[in-house]
1. Students often get this wrong, so check it: of C:Lys160/C:Lys242; D:Lys113/D:Lys136; B:Lys97/D:Lys113; B:Lys9/C:Lys160; C:Lys242/D:Lys42, which have C-alpha atoms separated by over 23 Å?
2. With a sphere of radius 14 Å drawn around the Cβ of D:Ile54, what net charge do the other residues whose Cβ falls strictly inside it have (Lys, Arg +1; Asp, Glu -1)?
3. What ranking do B:Tyr95, C:Tyr41, B:Tyr105 get, fewest neighbouring Cβ atoms within 10 angstrom at the top?
4. Please compute the modelled spin-label separation between B:Asp73 and B:Ser189, points set 7 Å along Cα→Cβ, answer in nm with one decimal.
5. Counting only C-alpha contacts under 8 Å and six or more residues apart, can you give the relative contact order of the range D:1-139 as a whole percent?
6. Sort C:Asp154, B:Asp74 so that the residue with the fewest other Cβ atoms within 10 Å of its own Cβ comes first and the one with the most comes last.
7. How far is helix A:11-52 tilted off the main Cα axis of chain A, in degrees rounded to 10, range 0 to 90?
8. DSSP H helices in chain C with Cα extent of 24 Å or more along the helix axis and mean Kyte-Doolittle hydropathy at least 0.5?
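Bear in mind these aren't lab numbers, they're just calculated from the coordinates by the rules spelled out. Bear in mind the structure is a predicted one, so any value in this text is a computation, not a measurement. Cβ sites come from the backbone with ideal geometry, for glycine too, and all protein chains shown count toward neighbours.
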Amino acid sequence: MSEFWAMGGYGSYVWSAFGLSALILIYNLWLPIYRHVKLLQQWRNQQQEEQAL
Amino acid sequence: MILFWRVLKQQLDLAYEHKTAWLNPLLFFALVTLLFPLALGASTSNLAAVAPGLVWITALLATLLSLETLFRDDVADGTLELWCANQPSLLVYAYAKLSAHWLLYCLPLVLISPLLAYSLHLPMVALAVLMLSLLLGSIALVWLGAIGVAITTGLKYNSFLLALLVLPFYVPVLIFGASAVEITTQGLSAAGPLYLLAALAVLAVTLAPFAVAKALKLSTS
Amino acid sequence: MNPILKWCYQLAVPHILYPRIQAWLPWVALVTFSLLALGLYLGLAVAPADYQQGEAFRIIYVHVPAAWLSMAVYVAMALMALSVLVWRIQVAELALVASAPIGAAFTLIALITGAIWGKPMWGAWWVWDARLTSELILLFIYIGIFVLYDAIEDKRQAGKAVSLMTLVGLVNIPIIHYSVTWWNTLHQPPSLSKFDTPSIHIDMLIPLLIMLLAFKLLYLLMLMLRMRLSLIERQPQAAWVKALIKPATTGDKP
Amino acid sequence: MPRLVVEGVSYSRGSQLIIDNLSFGLAAGELLSITGQNGIGKTTLLKLIAGLLIPEQGAIQLCHADNGQILTPQSNHQAWLGHRNALKDTWTALENLLLLRQLRSANEFDPLKALSMVGLFKQRHQPVQTFSQGMKRRLALASLLLTNAPLWLLDEPQNSLDKEGIALFEQMLARHLEADGMALMASHHALSLSTPNCRYLTLGSSS
């Protein structure tokens, strides 16, 4: 397995390339989900405030 | 067609009122050209090597800066709204407005460019090609840039936005223009890039006004 | 009207599109991630090393799909721009604005992986190679699009301005690409080898095609997520959005 | 004899609905005065009819009263007078008028006569920047005399006009309506003369 990580000496390049790409993609997947959940919660709280009034 | 000449005459008369306005791009062009020797050192070989690129980049930025005021007065006094309400003549207005702007602001740039290029030790043989490439290139620059100006009229801090929107489209013009001059300094014939530059200019002149008219209609709504 | 056409027309109606996205989301995610895992496994572990570049060539499994997607997303955006300006479909405007950051992300990935791939090949992190330079210009065009969208207050007008800019960009991108390649051949020192994928062996090709498909589905997944968000963000007072919030009892999906 | 038909027009700015499913017609010789508080959408409605804005739904057509054939392009058959006067300050009154005439389908009315009718004959060679707001508005109104476009779209035509200016405007309007013209006006000033075929459309109420 260790030579798999070494990647014939180019390990740092290959894994940094894949790592950075994964980072960008995960950020783009996570951001809309996070905002969607937050928005629904925020509106729900507002609604509870109105009902409590 | 008479409307085209009438609007063209109108634009030239209006510019005649505040005469110094058309000097601004020229002053900017000369001033920036002055900065280069101060920064790069005055040795002939240094400057001559990069002179084509420097002259072209300065001309490009001067055109971009002059474009900002293209529609500002017409938006302010409401004439643009009138033009937009009359759809067929909006296209004529766009053509006339851009031609007037080119005549007023870019033609002087082209005429003065040999003087400034010479001060940057550009070989004499390349001066003619420089003027020709600037002549064709500035047409493409004005017509392409006008689309960005039309979209960003009425927005706040639009000078950065204009540069950001329009500079990527200026890349082909800069490449062909600067390399045309550079090839001539190496003694080869610059026919190739000049033809491509002319093609870009024709493409811009024919297609851009439609986008400008559409953008003007959007920004006045 | 046949059912498929009807199904597509309904996509343009916000309150039908939103639940449809919610329903399809888990399935698209499942297929995307399984394809991605398969492609990565094949590309990194199974495919033989390149005789010339050794293991470093495996970077193409993310560089080439990203570069391909950066163009494909722009073409998709141009189609959306047409449907905004010509057929006035409101939802296409949301899709266009949602696709711009995704396209920019793919372009950024293509640039980063291209630079990292260039380091072992030519010893420099950044090389003014024709393809990398056009990717860089494409990145600026994407950034220009969403800066323009933010600069205009009225979002309906912003959508139309962005659509017009996308179409103008579409006409210019081939010209930019041609001029950059022409410029590259003019200034290219002979030693710089052509930046093209080496003649590819079949075992290397399959993972690449799988990764390409996986990246396309990733674009679809990200587009659906962003569309889901902007559908409700843009119409807070709409009745169907209000109905969405009221039944707080059922645990809603993330 | 033209007729304006507006069916089911609705328009929203951002997420706020301004005009909701509005329909009305306008026959030759009629004036429709649009009233309502500020920002209710009077100017937006005028811009929609002038073609400056594109409605989300609904259609706006200018057609012949008898055979219903649509007059295209609509821009040649309408005269738009916006909030601002569309005048070039550095130009003289006459030069401005001549250009404004270019923008609409011009009739043979003599510009100098139009200037004298709005009381600006003496200042015809003076640059517009020396004019008061009222005089600028009169010059903009004078340009309406130089067009035979049947449909007038007027946005606050009387603002910054003095008493005499308003009387002049109402005469012009009456003459235009008698000549089978149509007019759509957004304004706060109540019309003093009781033109027989003047209808009111109040926006904001469920019209």
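1. C:Lys160/C:Lys242; B:Lys97/D:Lys113; B:Lys9/C:Lys160; C:Lys242/D:Lys42
2. Result for the local shell: +4.
3. Final ranking by Cβ density, sparse to dense: C:Tyr41, B:Tyr95, B:Tyr105.
4. Rounded to a tenth, the inter-label distance reads 4.5 nm.
5. 21 percent
6. Neighbour counts put them in this order, fewest first: C:Asp154, B:Asp74.
7. 10 degrees
8. In chain C, the long hydrophobic H runs are C:14-41, C:60-85, C:90-122, C:130-151, C:202-234.
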